[in-house]
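Asks: Could you have a look at this structure, given as structure tokens, before my questions?
The values are calculated or read from the model by the stated rules, or taken from the named source; none is laboratory data. Note that the structure is a prediction, hence the values are computed from the model and not measured. FYI the Cβ positions are ideal-geometry reconstructions off the backbone, even for glycines, and counts take in every protein chain you see. Note: accessible area is taken over every heavy atom of the protein model, side chains too, but ligands, DNA and RNA are not part of it. Shrake-Rupley method; radii C 1.70, N 1.55, O 1.52, S 1.80 Å.
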Amino acid sequence: MVILTFGKRNFDCLVDKNDVIVYDAESQACILDRARLNMEKRFVFRHNNIEDCEQQLLRAQKITNKNKGATLLITEGVIGMCSDQGKLKEIVALKVNYKFLLLVDDAHGIGCMGKTGAGKGEAQGIQDGIDFHFGTFAKAFAGIGH
Ligand SMILES: Cc1ncc(COP(=O)(O)O)c(C=O)c1O
């Protein structure tokens, strides 16, 4: 498990030209912008639609098998754009059939969800299935002491 404490806008340091990203259509604007600007190979899945997510992972896998690259799947613990809960448990379950690394932007979950406040992954019991956690000090942590 890696905690990203710098802006998620910098996720491009995790990928190179052989890699593919797969991400939820309702991801926050800076994820979408970064993906559009920097990633030639990217596939978007319909919001919280696990069947479509699987389809996009399949497309990504065809490329990474050829390129010897990797797939980075990006989603959120709590989807800020529409306040839905991310389907992290279902996404982690896809690791049985597909090879990918999972980055969860849990800006809205970290500090307030899960038994110890570790976030949405802890709340759904799949914390160890998350490869990169993104948290921010701008939300729950900033509220401590007020
Ligand atoms: C989903 C999500 N991620 C991250 C952030 C904050 O990111 P940063 O700490 O890089 O400003 C926000 C802020 O509104 C957000 O809504």
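Asks: Pulled fully out, how much extra length does the chain show between LYS17 and MET81, if you take 0.36 nm times their separation in residues and subtract their Cα-Cα distance? Before the final figure, lay out the partial values.
Replies: Working: separation 64, 0.36 × 64 = 23.04 nm, distance 2.86 nm.
Going from the current span to full extension adds 20.2 nm.
Asks: Using helices alone, what [θ] at 222 nm do you get for the chain, with -39,500 (n - 2.57) per DSSP H run of 4 or more residues, divided over all residues and rounded to the nearest 500?
Replies: On the way: 5 runs with 42 residues, N = 146.
It lands at -8000 deg cm²/dmol.
Asks: May I ask for the percentage of alpha-carbon pairs in segment 36-121 that lie more than 15 Å from each other?
Replies: I get 60 percent for the Cα pairs in segment 36-121 exceeding 15 Å.
Asks: Can you list the trypsin sites (Lys or Arg not before Pro) in segment 49-146 that are in a DSSP coil and have 13 or fewer other beta carbons within 10 angstrom? Mind dumping the intermediate values first?
Replies: Numbers: sites: ARG59, LYS62, LYS66, LYS68, LYS87, LYS89, LYS95, LYS99, LYS115, LYS120, LYS139; in loops: LYS68, LYS87, LYS99, LYS115, LYS139.
Counting only loop positions with at most 13 other Cβ atoms within 10 Å, the trypsin sites (Lys or Arg not before Pro) in segment 49-146 are LYS68, LYS99, LYS115.
Asks: Per residue, what volume in Å³ does the Cα convex hull of the chain take up?
Replies: About 101 Å³ per residue, rounded to a whole number.
Asks: Quick one: of LYS62/LYS120; LYS41/LYS139; LYS41/LYS66; LYS87/LYS115; LYS66/LYS87, which pairs are farther than 23 Å apart, Cα to Cα?
Replies: Values: LYS62/LYS120 30 Å; LYS41/LYS139 32 Å; LYS41/LYS66 13 Å; LYS87/LYS115 18 Å; LYS66/LYS87 29 Å.
Too far apart for the 23 Å limit: LYS62/LYS120; LYS41/LYS139; LYS66/LYS87.
Asks: Taking a point 7 angstrom from the Cα of ALA93 along the C-beta vector, which residues in segment 18-60 have backbone N less than 15 Å away?
Replies: 48-55
Asks: Could I ask something else about it? Probe 1.4 Å, all protein chains in place: accessible area of GLU26 in Å², nearest 10?
Replies: Only protein atoms counted, so the area is about 60 Å².
Asks: May I pose another question? Assuming R0 = 25 Å, can you tell me the calculated FRET efficiency for the pair LYS115 and ALA25, based on Cβ-Cβ distance, to the nearest 0.05? Could you put the intermediate results ahead of the total?
Replies: Details: r = 30 Å, r/R0 = 1.22.
It comes out at approximately 0.25.
Asks: Find the relative contact order for segment 84-146 and round it to a whole percent, using C-alpha pairs within less than 8 Å whose residues are 6+ positions apart. Intermediate values should be presented prior to the final figure.
Replies: Numbers: 74 pairs, mean separation 21.5, N = 63.
It rounds to 34 percent for segment 84-146.
Asks: Applying the Karplus parametrisation 6.51 cos²θ - 1.76 cosθ + 1.60 with θ = phi - 60° to the phi angles of segment 96-106, what ³J(HN,Hα) value in whole Hz is obtained for each residue in order, glycine and proline being reported as x?
Replies: Whole-Hz 3J(HN,Hα) from phi for segment 96-106: 5, 10, 10, 9, 7, 9, 10, 10, 10, 7, 10.
Asks: Please report the antiparallel percentage of DSSP beta bridges with both residues in the chain, rounded to the nearest 5.
Replies: 10 percent
Asks: Leaving out ligands, DNA and RNA, and with a 1.4 Å probe, what % of the accessible surface on the chain is carbon or sulfur? Before the final figure, lay out each step's value.
Replies: On the way: 3970 of 7780 Å².
Roughly 51 percent, rounded to a whole number.
Asks: Could you report the chain's accessible area per residue, 1.4 Å probe, as an integer in Å²?
Replies: Value for the chain: 53 Å² per residue.
Asks: While we're looking at this one, here's another question. Relative to the longest principal Cα axis of the chain, at what angle does helix 50-67 sit, 0 to 90 degrees, rounded to 10?
Replies: For 50-67 against the chain, the angle is about 50 degrees.
Asks: Taking 8 Å as the Cα distance limit and 6 or more residues as the minimum spacing, I'd like the relative contact order of segment 27-146 as a percentage.
Replies: Over segment 27-146, the number comes to 20 percent.
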